[in-house]
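Engineer: Below is the structure I would like to discuss, written out as structure tokens.
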Amino acid sequence: MHAVILAAGQALRLGDLCAERPKGLLEIDGRSLLDYSLDNLVSRDVTNITIVTGYCNGKIQRSLGRHYRGPPIEYVFNPDYESTGSVISLLIGAGHVTGSRVLVVESDLLYHPGFVDAALSASESTVLVADRSGSGDEVFICANEDGYLDYLGKAATPQQRRDSLGEYAGLALVSDQLLSAYCKAARKLKADGLARGHYEELLFELSCDGFAMHVHHCPSLPWTEVDTQEDFERAKAKVYPRLCHLWESRTELPKLSSPVV
């Protein structure tokens, strides 16, 4: 398992909170979102870690260092972060992946390590799904009767909203076959000047084109994405209090007794 953390974005919606730092360095109780995410990964023995940087390049490296609780961290710079979307950050990160599976993780998440457990238990490409946050900016996820991705997006119809399992949690397990197809498609988007989109949108397109992705809902696990100041306040007031006990010792985070479904 190789984790690629996407941390190149400019975080414009967070205003002054991220005027001089990437949003992955937003701090709660003295530690950054990336610190908590790396704790989740390393506690599950995910030790091949690449972070794709862009905005305020160098600040994440100085904050986290070259190693995190032992395992090394590889940093890769996305020079086109201002003119492209996360679709290119994953393309750049993919060039440094070793192993047959990659866990894609967004940098602006505060989440329970059970999401990593769910990814590790998967035997095929899988989209991780959280309960709906009600933020108004949800990326809705629907599955077909066989449990495979049927819809991913913000522009869901009323019926798709009702049928959705939840919202995209910002974590996805991608097989080497799917990652290869992704890179080919992303390079074409870049060549055509159409690379401002999000990586998950391209994964969804590929899932509809023969690279099926399983959907794994992780019900009731604390989680939030931090895109706005309101999200950040919710992370501090509602999500972190449900998670902080997991990181107090920073020795070993408890694993779920059985895979979530």
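The values are calculated or read from the model by the stated rules, or taken from the named source; none is laboratory data. Keep in mind that this is a model prediction, so the values were computed, not measured. Because the Cβ atoms are built from the backbone with ideal geometry, glycine has one as well, and the counts that use them run over all protein chains shown.
Engineer: Is at least one residue of the range 104-111 outside any strand (DSSP E or B) and either within 13 Å of V4 (Cα to Cα) or at pLDDT 95 or above (or both)?
Structural biologist: So in the range 104-111, the residues outside any strand (DSSP E or B) come out as 107-108.
Subsequent filtering for residues that are either within 13 Å of V4 (Cα to Cα) or at pLDDT 95 or above (or both) retains 107-108.
Yes, the conditions are met somewhere in the range 104-111.
Engineer: Quick one: is V46 within 16 Å of the chain's Cα centre (by Cα), part of a loop (DSSP other than H, G, I, E, B) and over 14 Å from F232 (Cβ atoms)? Steps first, answer last, please.
Structural biologist: On the way: within 16 Å of the chain's Cα centre (by Cα): yes; part of a loop (DSSP other than H, G, I, E, B): yes; over 14 Å from F232 (Cβ atoms): yes.
Yes, satisfied.
Engineer: Here's something else I'd like to know. Any residue in the range 216-230 that is touching a residue at least 24 places away in the same chain (Cβ under 8 Å) and closer than 17 Å to S135 by Cβ sitting within a Cβ distance under 7 Å of a residue that is among the acidic types (D, E) and in a helix (DSSP H, G or I)? List the pairs, counting only those 6 or more apart or interchain.
Structural biologist: T224/D231; E225/D231
Engineer: Return the residues of the range 48-67 that are surrounded by fewer than 19 Cβ atoms within 10 Å (Cβ to Cβ) and of a type in the set (S, T, Y); say none if nothing qualifies.
Structural biologist: The one that is surrounded by fewer than 19 Cβ atoms within 10 Å (Cβ to Cβ) and of a type in the set (S, T, Y): S63.
Engineer: Is it fair to say V87 is touching a His at 6+ places or on another chain (Cβ under 7 Å), modelled with pLDDT of 95 or more, not polar (S, T, N, Q) and not in a helix (DSSP H, G or I)?
Structural biologist: Numbers: touching a His at 6+ places or on another chain (Cβ under 7 Å): yes; modelled with pLDDT of 95 or more: yes; not polar (S, T, N, Q): yes; not in a helix (DSSP H, G or I): no.
In short, no.
Engineer: Looking for something among the aliphatic types (A, V, I, L, M) and surrounded by 21 or more Cβ atoms within 10 Å (Cβ to Cβ) - is there at least one such residue anywhere in the range 75-86?
Structural biologist: If we filter the range 75-86 for residues that are among the aliphatic types (A, V, I, L, M), which is where we start, we get 76.
Checking which are surrounded by 21 or more Cβ atoms within 10 Å (Cβ to Cβ) leaves us with none.
No.
Engineer: Follow-up. For residues that are exposed (fewer than 15 other Cβ atoms within 10 Å of the Cβ) and hydroxyl-bearing (S, T, Y), scanning just the range 87-106, find the one that is farthest from A11 (Cα to Cα).
Structural biologist: Here the answer is S100.
Engineer: Where residues in the range 208-261 are acidic (D, E) and surrounded by fewer than 17 Cβ atoms within 10 Å (Cβ to Cβ), which of them is modelled with the lowest pLDDT?
Structural biologist: Applying the filter and picking the extreme gives E252.
Engineer: Scan D150, D131, D163 and give me the residue that is charged (D, E, K, R) and either modelled with pLDDT under 95 or surrounded by 18 or more Cβ atoms within 10 Å (Cβ to Cβ) (or both).
Structural biologist: D150
Engineer: One residue is enough: does the range 73-81 have a residue meeting the conditions at pLDDT 95 or above, more than 18 Å from D176 (Cβ to Cβ) and more than 19 Å from the chain's Cα centre (by Cα)?
Structural biologist: The answer is yes; a qualifying residue exists.
Engineer: Tell me, yes or no, whether the range 1-24 has at least one residue that is of a type in the set (A, V, I, L, M), farther than 22 Å from D231 by Cβ, modelled with pLDDT of 95 or more and crowded, with 24+ Cβ neighbours inside 10 Å.
Structural biologist: Taking every residue of the range 1-24 in turn, at least one turns out to be of a type in the set (A, V, I, L, M), farther than 22 Å from D231 by Cβ, modelled with pLDDT of 95 or more and crowded, with 24+ Cβ neighbours inside 10 Å.
Engineer: In the list G193, G210, G197, G134, which residue meets the criterion of being in a loop (DSSP other than H, G, I, E, B), closer than 21 Å to L33 by Cα and among the small types (G, A, S)?
Structural biologist: Just a single option satisfies the conditions, and that option is G134.
Engineer: Check whether at least one residue in the range 189-198 is over 25 Å from L12 (Cβ atoms) and free of Cβ contacts under 8 Å to residues at least 60 places away in the same chain, and report yes or no.
Structural biologist: yes
Engineer: Consider L38 carefully, then state whether it is within 23 Å of S100 (Cα to Cα), in contact (Cβ under 8 Å) with a residue 12 or more places away in the chain, buried (at least 20 other Cβ atoms within 10 Å of the Cβ) and in contact with a Lys or Arg (Cβ under 9 Å, 6 or more places away or on another chain).
Structural biologist: The answer is yes for L38.
Engineer: Just need a number here: residues in the range 22-59 that are among the aromatic types (F, W, Y) and within 20 Å of L12 (Cβ to Cβ). Step through it out loud before you land on a result.
Structural biologist: In the first step, residues of the range 22-59 are kept if they are among the aromatic types (F, W, Y); the result is 36, 55.
After this cut, where a residue has to be within 20 Å of L12 (Cβ to Cβ) as well, the list is 55.
Within the range 22-59, residues that are among the aromatic types (F, W, Y) and within 20 Å of L12 (Cβ to Cβ) number 1.
Engineer: Any residue in the range 9-33 that's in a helix (DSSP H, G or I): show its pairings with residues that are of a type in the set (S, T, N, Q) and buried (at least 20 other Cβ atoms within 10 Å of the Cβ) at Cβ separation under 6 Å, as long as the two are six or more apart or on different chains.
Structural biologist: G24/S107; L25/S32
Engineer: Of all residues being part of a helix (DSSP H, G or I) and farther than 16 Å from E145 by Cα in the range 162-177, which is nearest to the chain's Cα centre (by Cα)? Just the residue, please.
Structural biologist: D176
Engineer: If the requirement is being buried (at least 19 other Cβ atoms within 10 Å of the Cβ) and under 14 Å from the mean Cα position of the chain (by Cα), which of these qualifies: A143, A119?
Structural biologist: A119
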